[in-house]
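Enquirer: Have a look at the structure that comes next, please.
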Amino acid sequence: MTTIALTLNGRAAEADVNPRTHLADFVREAEGLTGTHLGCEHGVCGACTLYVDGRPVRSCLTSAASCDATDVRTIEGFDDDPLMARLRAAFSAHHALQCGFCTPGMLATAYDIVRRLPDADATRIREELAGNLCRCTGYRGIVEAIEAVIAEGPHMAAVMPLPRRVPQARAVPLAGAAPAVRDAPAASPDNAPLADAVLPEHIRGGETLRREIPLDHPPEAVWRRLTVIEDVVACLPGARIETREGDRFAGAFTLSIGPMRPTFRGTAAVSYDEAAHSGEVRGAGGDPKSGSRGEGIMRFTVVPRGDGASTMDVAITYRISGPLARFGRPAALAGVVDALLARFAENFTAMIEGRDEDVRSDASAFALFVAMVRRWVSGARGR
């Protein structure tokens, strides 16, 4: 058993929990807060969404033991929250609930949308709601309710303030290990030197995705930019470097899929082959909230074209294990990674052409995935 002490809906709570107990079972069974509903128990339906340290999480994918010293707020903790009161009224006025099973998680996600995206339109709202499933309403009433609350104006009177957002930096490892000290920069387990971190040489059973990036610049110019690792990883949305020791880095990679924002923390290493104009980044680590692990290798090579320009070949091999792997399903997760790789290609092209204002580092993986699906549909219609 593990002893945890946390703040639950504004009060102190302490308990002994089994390391395998997830947060949803803890708040429902140990604390009697049954407003948090359990549906799929795979992180897909969103019914169990609640807040940890001001951020929405899937409580069925979050271990209770990982929430020691955090602030947890379930739907019951919003009784006196003025913004949640407006959302409940709007849900009622716009007929945004029927059976009500999805409603606690839907309200938790709506709360995050209104605070974080005060200018969101219906399209963006639907993208953000994609991680919450409703089998009754058809979503129209839910979207209209959120639109109505957004149209009412400022929402900073909420009881729970927006969490501090870590600013996007200009580089990151592909993945990372959970830090031993909460909120401390992650170098490797137990904050050991970066040189001691174990990184993958090969990834067995992983998925590999490739992309060719044509560039109207000579290979030497492209290669010079690639050897600045901060520039390379700045092109990958959701990434940041926190510390660096030689060719090794510690940092985080945040993957956004609807309200889910798992952050993989840990280490990566970069190596270059000057003669071959090639290099690779190897990273490994995990998301402490869900207990998921990830490892990845990104390889890139610059080859000349006959017209004096060049092509950059990029390949990513990755493997994710744990609850998030079950959530993503191989095909869907591969689609998200491919969309991120496509955005990397767009960002690097803009950077090498001097269009730094077009480098986008804050796009959600789900939004990229939606764009990719739309391209598939358009292509199918064209055929």
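Enquirer: If you go through segment 252-259 one residue at a time, do you hit one that is open to solvent by less than 10 Å² (accessible area, probe 1.4 Å) and either part of a strand (DSSP E or B) or free of Cβ contacts under 8 Å to residues at least 60 places away in the same chain (or both)?
Expert: Looking for residues that are open to solvent by less than 10 Å² (accessible area, probe 1.4 Å) and either part of a strand (DSSP E or B) or free of Cβ contacts under 8 Å to residues at least 60 places away in the same chain (or both), one finds at least one in segment 252-259, hence yes.
Enquirer: Could you say which residue among L33, L83 is of a type in the set (A, V, I, L, M), assigned to a loop (DSSP other than H, G, I, E, B), over 20 Å from the mean Cα position of the chain (by Cα) and crowded, with 19+ Cβ neighbours inside 10 Å?
Expert: After ruling out the rest, the residue left standing is L33.
Enquirer: If you take the residues in segment 266-303 that are closer than 22 Å to A64 by Cβ and outside any strand (DSSP E or B), which one is least open to solvent (accessible area, probe 1.4 Å)?
Expert: Among those that are closer than 22 Å to A64 by Cβ and outside any strand (DSSP E or B), it is S290.
Enquirer: If you don't mind, there's one more thing I want to ask. Six or more apart or on different chains, Cβ under 7 Å: which pairs go from a residue in segment 282-307 that's modelled with pLDDT of 90 or more to one that's among the basic types (K, R) and buried (at least 18 other Cβ atoms within 10 Å of the Cβ)? Could you list them?
Expert: So the pair list comes out as I297/R282.
Enquirer: May I pose another question? Kindly evaluate R115 against the criterion of being closer than 23 Å to L8 by Cα and either open to solvent by 50 Å² or more (accessible area, probe 1.4 Å) or not polar (S, T, N, Q) (or both).
Expert: yes
Enquirer: Turning to a different aspect of this structure: Please verify whether segment 56-64 includes one or more residues that are open to solvent by 30 Å² or more (accessible area, probe 1.4 Å) and either free of Cβ contacts under 8 Å to residues at least 12 places away in the same chain or more than 24 Å from A110 (Cα to Cα) (or both).
Expert: No - not one qualifying residue is present in segment 56-64.
Enquirer: I'd like the full set of residues that are part of a helix (DSSP H, G or I), open to solvent by 30 Å² or more (accessible area, probe 1.4 Å), out of contact with any Phe, Trp or Tyr (no Cβ under 9 Å at 6 or more places or on another chain) and closer than 21 Å to A275 by Cβ, limited to segment 196-234.
Expert: If the condition is that a residue be part of a helix (DSSP H, G or I), open to solvent by 30 Å² or more (accessible area, probe 1.4 Å), out of contact with any Phe, Trp or Tyr (no Cβ under 9 Å at 6 or more places or on another chain) and closer than 21 Å to A275 by Cβ, then E220, R224 are the ones that fit.
Enquirer: Let me ask something additional. Identify, please: which residue in segment 235-246 is open to solvent by less than 30 Å² (accessible area, probe 1.4 Å) and of a type in the set (G, A, S) and is, among those, modelled with the highest pLDDT?
Expert: Step by step, filter segment 235-246, then rank; the result is A239.
Enquirer: To continue, here is another question. Given (1) touching a residue at least 24 places away in the same chain (Cβ under 8 Å); (2) under 20 Å from G291 (Cα atoms); (3) not acidic (D, E), identify the lone condition not met by L38.
Expert: Condition (1) is where L38 drops out.
Enquirer: For segment 123-143, enumerate the residues that are modelled with pLDDT under 95, over 19 Å from V44 (Cβ atoms) and open to solvent by less than 40 Å² (accessible area, probe 1.4 Å).
Expert: I125
Quick grid of which residues meet (1) open to solvent by less than 30 Å² (accessible area, probe 1.4 Å); (2) modelled with pLDDT under 95; (3) part of a helix (DSSP H, G or I):
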site: R20; (1), (2), (3): no, yes, no
site: C45; (1), (2), (3): yes, yes, no
site: L50; (1), (2), (3): yes, no, no
site: L97; (1), (2), (3): no, yes, no
site: L107; (1), (2), (3): yes, no, yes
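Enquirer: Now for a different question. Only one of F366, F327, F348 is surrounded by 22 or more Cβ atoms within 10 Å (Cβ to Cβ), at pLDDT below 75 and out of contact with any Leu (no Cβ under 6 Å at 6 or more places or on another chain); which? Before the answer, list the steps.
Expert: Numbers: F366 fails: surrounded by 22 or more Cβ atoms within 10 Å (Cβ to Cβ); F348 fails: at pLDDT below 75.
Step by step, each of F366, F327, F348 is checked, and only F327 is surrounded by 22 or more Cβ atoms within 10 Å (Cβ to Cβ), at pLDDT below 75 and out of contact with any Leu (no Cβ under 6 Å at 6 or more places or on another chain).
The values are calculated or read from the model by the stated rules, or taken from the named source; none is laboratory data. Predicted, not measured: the structure shown is a model, and the values here were computed from it. No Cβ is skipped: glycine too gets one built from the backbone with ideal geometry, and neighbour counts run over all protein chains shown. Each accessible area value is taken on the protein alone, full model and side chains, heavy atoms only, with ligands, DNA and RNA left out. Shrake-Rupley method; radii C 1.70, N 1.55, O 1.52, S 1.80 Å.
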